[in-house]
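Take a look at the structure set out below.
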Amino acid sequence: ASVFVTLPLNLFLALGEAAVSKDNNCLNAAKACNLNDTCKKYRSAYISPCTNRVSKAEICNKRKCHKALRQFFDKVPAKHSHGMLFCSCLSAELSACTERRRQTIVPVCSYEDKEKPNCLSLQASCKTNYICRSRLADFLTNCQPEARSISGCLKENYADCLLAYSGLIGTVMTPNYLPITGIIVSPWCDCSSSGNGKAECDKFKEFYSNNRCLRNAMQAFGNGTDVGVWQPQPPIMSMPPEPYTPPRKQGKISSGLDEPELTNDLDSNADHLYSFCGNLQVVKYLCKNNPEIIFAAQKLKSNLSLDVLCVDPQLNDPSSFNAITRGSTSTACLDWTVLLISLLTLPQLGLLTSSHML
């Protein structure tokens, strides 16, 4: 007896709750809803229009019933609304439990109709209503099955799938459990009179009745194993590519200038044609007092018959050339001219004679 005295009160409650839940989980979920003010309020709000007969021909006002059902699943926390809709049924009370679960949405009004329409026709009717159309799209997206996934869902998120499923309740596409053992749901439609669309119709209906993602999500919620499971993984962040650093050319004649400062936009990819154009701009700048060299360099370009247009962009930092003394300008001019020639070893190199560089 002393053992039970020392047990915490919440553990006693948990043990008692577990013992009761073995009888009928769906009955317990309904009782829990009645103990919650919000759940009780909105449950009563849909029970009334879904059960009141309008006339001898109409057992209820389906439009009002659907609207009240949408409010129930929109306003009531999933702990209670989904608790009633996805409660698990054990073998001890299987028939009574599954029937209570099936009756949660008052199917005689919200689900069933005098005749079963074709599923493709029902889908077309759904798409004419913006609420039904958007909620059907959510369901088809968030409950998309994936055979290679352990969870069975492409998006790996049970909560989103169940939320999308419950969002359909209260539309013309309202699904419900079939009155058979197991977790099998379907809209109120069939695939008779489908004609050439029979395969498409069967595929659409099986998205409800034979959907591994939806079935696993329902089972996980009913068993209480869905908490924190199959949440979407954060996207893999791709590392930005490292900036390209062109390799240093071996044996290049030093000009006494800081090379990074002389790099311009045309030379950023180290392409030999653009290097030719880029270095031509440097020669023009350094040899501005020697028009013969500039003329020879331009003539070299024209004689090469290159299918490339050399433009005259501003250098990244033209002010860097101000550091060159008057005495070193001619040397730099000569060095860069030789570098320009070395980029393309062609017979036309004879155009630049030593007399032109003096």
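Output the residues belonging to region 147-163 that are open to solvent by 10 Å² or more (accessible area, probe 1.4 Å) and of a type in the set (A, V, I, L, M, F, W, C).
Of everything in region 147-163, those that are open to solvent by 10 Å² or more (accessible area, probe 1.4 Å) and of a type in the set (A, V, I, L, M, F, W, C) turn out to be Ala147, Ile150, Leu154, Ala159, Leu163.
Would you list the helices (runs of 4 or more DSSP H) that sit entirely within region 103-160 and hold 1 or more residues that are free of Cβ contacts under 8 Å to residues at least 12 places away in the same chain?
Working: elements: 107-110, 119-126, 130-142.
Ranges flagged: 119-126, 130-142.
Table: residues versus (1) open to solvent by less than 10 Å² (accessible area, probe 1.4 Å); (2) more than 23 Å from Ile180 (Cα to Cα); (3) out of contact with any Gly (no Cβ under 9 Å at 6 or more places or on another chain); (4) outside any helix (DSSP H, G or I).
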residue	(1), (2), (3), (4)
Ile59	no, yes, yes, yes
Cys65	yes, yes, no, no
Ser81	yes, no, yes, no
Leu94	no, no, yes, no
Thr98	no, no, no, no
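Which of (1) over 27 Å from the mean Cα position of the chain (by Cα); (2) over 24 Å from Ile131 (Cβ atoms); (3) surrounded by fewer than 21 Cβ atoms within 10 Å (Cβ to Cβ) is the odd one out, the single condition Ser186 does not satisfy?
(2)
Could you say whether any residue in region 206-213 is in contact with a helix residue (DSSP H, G or I) (Cβ under 9 Å, 6 or more places away or on another chain), modelled with pLDDT of 95 or more and open to solvent by 80 Å² or more (accessible area, probe 1.4 Å)?
No, region 206-213 contains no residue that is in contact with a helix residue (DSSP H, G or I) (Cβ under 9 Å, 6 or more places away or on another chain), modelled with pLDDT of 95 or more and open to solvent by 80 Å² or more (accessible area, probe 1.4 Å).
The values are calculated or read from the model by the stated rules, or taken from the named source; none is laboratory data. What you are looking at is a predicted structure, and each value in this text was computed from that prediction instead of being measured. Glycine gets a Cβ as well: all are built from the backbone with ideal geometry, and neighbour counts include every protein chain shown. Side chains included, ligands, DNA and RNA excluded: accessible areas come from the protein's heavy atoms. Shrake-Rupley method; radii C 1.70, N 1.55, O 1.52, S 1.80 Å.
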